[in-house]
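Accompanying notes for the structure given below.
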Amino acid sequence: MSKSQTIPADLVDEAGQGVGGSSETGYAAKHTPSAASEASLNTDKLEEVKKLFTAHLENKGLRKTGERYAILEEIYARSGHFDVEELYAGMKERGLQVSRATVYNTLDLLVEQGLVSKHQFGRNLAQYEKSYGYRQHDHVICTECHKVVEFCDPRIHGIQTMVGDLLNFHILHHSLNLYGICGDCRAKAEAAARQNTPA
């Protein structure tokens, strides 16, 4: 995309409204990797997720512990992406007794069940986000500040459908990450270059 082009307003929401997406609207939301902002907890959706998680634990013959459900609830009360340490620290701050090992193990189970998505975004630190009931979306990642912007474009779904039909694949999901340098980082670099240029 050239500098003169802009993403349509219905694809990007600079204010971060609708973080995590919705099944009704196109959106995008700006995050920083360390953001731990709280989302309003959708209790109906949480109950659905708990039922799915319970069935998954029962199918695997695993215990249905309070710690596992506390982790699930903490994730679905969050907005945006988070890493394991942010999740663990957030639970500790709220006085919830949970071990790092339980957080890791529970995240693995939730990813396996499709209730949470796991991303690398080109770094060693894995990022997670809730996924049940949220529209498929893609990401633009700044290679300088690691800011992540979510976007949803129905044309990508069209391409996915077309490729599936063409190659006789039933496409289950996709992952698209675009890497570049965000406008804020470019502006900082230009300002620094101007300061270092002799008059």
Legend entry - Computed lengthening from CYS145 to GLU73, 0.36 nm per intervening residue step minus Cα-Cα distance: 23.0 nm
Inset, instruction - Tabulate in residue order the Karplus-calculated ³J(HN,Hα) for region 102-118, using 6.51 cos²θ - 1.76 cosθ + 1.60 with θ = phi - 60°, rounded to whole Hz; enter x for Gly and Pro. - result: 5, 4, 4, 5, 5, 4, 4, 5, 5, 5, 4, 7, x, 8, 9, 9, 10
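Across region 55-189, how large is the tail of the calculated P(r) beyond 20 Å, expressed as a percent of all Cα pairs?
Percent of Cα pairs beyond 20 Å in region 55-189: 57.
Based on DSSP, what percent of beta bridges with both residues in region 94-182 are antiparallel, to the nearest 5?
Taking every DSSP beta bridge within region 94-182, about 65 percent pair in antiparallel fashion.
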Inset, instruction - Take the Cβ-Cβ distance between ALA55 and ALA101 as r, set R0 to 22 Å, and report the resulting FRET efficiency rounded to the nearest 0.05. - result: 0.40
Inset, instruction - At 7 Å along the Cα-to-beta-carbon direction for both PHE169 and GLN195, put a label point, then send me their distance in nm to one decimal. - result: 4.7
Inset, instruction - Round to the nearest 0.05 the FRET efficiency obtained for THR43 and ASP83 when R0 = 35 Å and r is the Cβ-Cβ distance. - result: 0.85
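Laboratory data are not the source of any read-out in this text; all were calculated from the coordinates shown. Given the structure is predicted, the values throughout are model-derived calculations rather than measurements. Positions of Cβ are generated from backbone atoms using ideal geometry, with glycine treated the same way; all protein chains shown enter the neighbour counts.
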